[in-house]
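The values are calculated or read from the model by the stated rules, or taken from the named source; none is laboratory data. These numbers were taken from a predicted model, which means no experiment stands behind them. Using ideal geometry, Cβ is built from the backbone for each residue, glycine included, and neighbour counts are taken over all protein chains shown. Accessible surface is based on the protein model in full, side chains and every heavy atom, while ligands, DNA and RNA are left aside. Shrake-Rupley method; radii C 1.70, N 1.55, O 1.52, S 1.80 Å.
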Amino acid sequence: MEKDLKAQQRAITQRTVEVLPLPELKRKIEKAVKANKPLNVKFGVDPTSPDLHLGHAVPLNKLRQLQDLGHMVTLIIGDFTARIGDPSGKSATRPQLSEGEIRKHAQTYTQQAFKILDKDQTKVVYNSSWLSRLNFNDLIKMAAKFTVARLMERDDFSKRFKENTPIGLHEFLYPVMQAYDSVVIKSDIELGGTDQIFNMLAGRDLQEKDGQEAQVVLTVPLLVGTDGTQKMSKSLGNHVGLTEPPKEMFGKIMSIPDSLMIDYFKLCTRLTDEEITKIEKGLKSGKLHPGEEKRSLAKHIISIYYDRKQADTAEAEFDKVFKEQQVPSDITEVKVSSNKMWVVKLLVETGLASSNGEARRAIQGNSVKLNSKPLDDVNAEIDIKSGDVLQVGKRKFVKIS
RNA sequence: GGGGGGAUGCCCGAGUGGUUAAAGGGGACGGGCUGUAAACCCGUUGGCGUUGCCUACACAGGUUCAAAUCCUGUUCCCCCCA
């Protein structure tokens, strides 16, 4: 374990939004170092989506950093809570998942999370193993420790209430359960995105009422998605998946707004504060070109999940397609039912358009090319041979096999 | 338990008998400009081999030459009173 208290503290609080409360964190660190006993860091995830993206990676990176300092992570798979769905930041009740889905998601989740976390310093637990054993009595006792007024202070709830969208009673119970998780695992620190503050503070309350030492709450920023406005999430389609091919990652990262670059550097790469400050200053003064820095950002990120070489390949591929307007090297190949076909049908059959209407519109909108030559006749009958490359827009390609 | 209001396309939202595949906005997609950035400009945004036809305004029926618009029932949501 890192013995230097100052270094510990600096590292733990680095790139976080809030530490609640800071003095307690100092105390905990001191105690841990003195006794050479790692802190138990709680991190809860709801296995609601099977794929992790850069947004999930933000807290995971932080956890890894804590592990590198010598601490233990307890990764709680919220297989029980997932059945409810965290209301945090949501404007509507979430659909409830089936047990089968949850199991499956949990598996891919941990698999992907270990791309970042250290297995030896991680304990994986499922909260159904204790939550499902509680009876109504236990629940009432716990629920009595929270007030409706307190719950309604939450932005998401009060907003939904004001807007007349329904709030399920079970959603009120979500923070209660998450808090109970903290009691069960006796966490020292709970880490989460800023949207988790309420739930995590509830954990402190419950621990205290249970006679335990309360956990310290550590929040990390929420990563904004590639659209530049909303929190990264798969359902909004603004995510960069951790298992996506390097080429895709590169393209997506290049499309983020400039204003997001520094955030991404801070939250998604392993560059030091000094390095990032240098880039930030360079960009501000105009010494550095944003396009170039974004490339470097993309390569840094890809190198974490793949390696430098594949990052470079992704960049070269990107240039080929977008700078030199050439055809990418690995295009999906598609079989076609006939070698002479109506253009519109061809686009639908190759999957480049989902309906005849869409295909027509694409042609009329001048975005369809066959072997880099524009097609503009909606009624054209086309001779197709193997190896022909069909293109819609700038990035959808298909090769006829 | 009683009374009232509402459900429109991906989302928000206009439309209260015919000229409405449904205004407007957002989003998305395509094009231009660029650095696949932002901003801005233009176009598209139910299906169909498409100057036409079909399906659509919660669901199921009905009135009418004609219904998103009127009537009845069903489902869901909201509000007020208890």
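Tally Lys/Arg at +1 and Asp/Glu at -1 over every other residue whose Cβ is under 13 Å from the Cβ of A:ALA35; what's the total?
+4
Between A:ILE276 and A:ASP258, what is the label-point separation in nm under the 7 Å Cα-to-beta-carbon projection?
Placing both labels 7 Å along Cα→Cβ, they lie 2.0 nm apart.
Connecting C-alpha atoms closer than 10 Å in a GNM of chain A, tell me which of A:ILE262, A:ILE167, A:ILE331 has the biggest fluctuation.
Largest GNM mean-square fluctuation: A:ILE331.
How much length would be gained if the chain were fully extended between A:ASP312 and A:SER372, taking 0.36 nm per residue of separation minus their Cα-Cα distance, in nm to one decimal?
19.0 nm
Say the dipole of chain A comes from +1 at the beta carbon of Lys and Arg and -1 at that of Asp and Glu; which of A:LEU54, A:ILE302, A:VAL217 then lies farthest toward its positive end?
A:VAL217
Based on alpha-carbon positions alone, could you give the equivalent ellipsoid semi-axes of segment A:244-323 from the gyration tensor, as √(5λ), descending, whole Å?
21, 14, 10
Could you work out what % of the accessible surface of segment A:333-400 is carbon and sulfur, using a 1.4 angstrom probe and leaving DNA, RNA and ligands out of the count?
Percent of accessible area from carbon and sulfur atoms in segment A:333-400: 46.
If you project the alpha carbons of chain A onto the principal axes, what extent comes out on each, in Å, largest first?
In descending order, the Cα extents are 78, 50, 39 Å.
Quick check on packing: order A:356-366, A:270-280, A:211-221 by the mean number of other C-beta atoms within 10 Å, highest mean leading.
Final packing ranking: A:211-221, A:356-366, A:270-280.
What length, rounded to one decimal in nm, is gained on full extension from A:ASN135 through to A:ASP227, with 0.36 nm per residue of separation minus their alpha-carbon distance?
That pair, A:ASN135 and A:ASP227, stretches by 28.7 nm at full extension.
Determine which aspartates and glutamates satisfy two conditions relative to A:LYS26: a Cα distance under 20 Å, and not lying fewer than 8 residues away in the same chain.
A:GLU2, A:ASP4, A:GLU18, A:ASP68, A:ASP188, A:GLU190, A:ASP205, A:GLU208, A:GLU213
Rounded to the nearest 5, what % of DSSP beta bridges with both residues in chain A are antiparallel?
Percent antiparallel among DSSP bridges in chain A is about 45.
What's the ranking of A:290-301, A:196-207 by average number of surrounding C-beta atoms within 10 Å, highest first?
Result, highest mean first: A:196-207, A:290-301.
What ranking, highest mean first, results for peptides A:377-387, A:232-242 when packing means the other Cβ atoms within 10 Å averaged over each residue?
Final packing ranking: A:232-242, A:377-387.
Can you pick out the pairs among A:LYS159/A:LYS284; A:LYS6/A:LYS278; A:LYS231/A:LYS284; A:LYS104/A:LYS234 whose Cα atoms lie more than 27 Å from each other?
A:LYS159/A:LYS284
Calculate log10 I(q)/I(0) of segment A:317-401 for q = 0.11, 0.22 Å⁻¹, where I(q) comes from the Debye formula with a single equal point scatterer on each Cα and nothing for solvent.
Each listed q maps to, in turn, -0.26, -1.04.
Calculate the dipole size of chain A relative to its Cα centre from +1 charges on Lys and Arg beta carbons and -1 charges on Asp and Glu beta carbons; express the result in debye to the nearest 20.
Here chain A has a charge dipole of around 320 debye.
What is the gain in length, in nm to one decimal, between A:ARG27 and A:GLU324 on full extension, counting 0.36 nm per residue of separation less the C-alpha to C-alpha distance?
Answer, rounded to one decimal: 101.1 nm.
At a Cα cut-off below 19 Å, give the aspartates and glutamates reachable from A:LYS396, other chains included and same-chain residues fewer than 8 away excluded.
Within reach: A:GLU244, A:GLU248, A:GLU315, A:GLU317, A:ASP319, A:GLU324, A:ASP330, A:GLU333, A:GLU349, A:GLU358, A:ASP376, A:ASP388.
Restricting to Cα pairs below 8 Å that are 6+ residues apart, what does the relative contact order work out to for chain A? Please round to a whole percent.
14 percent
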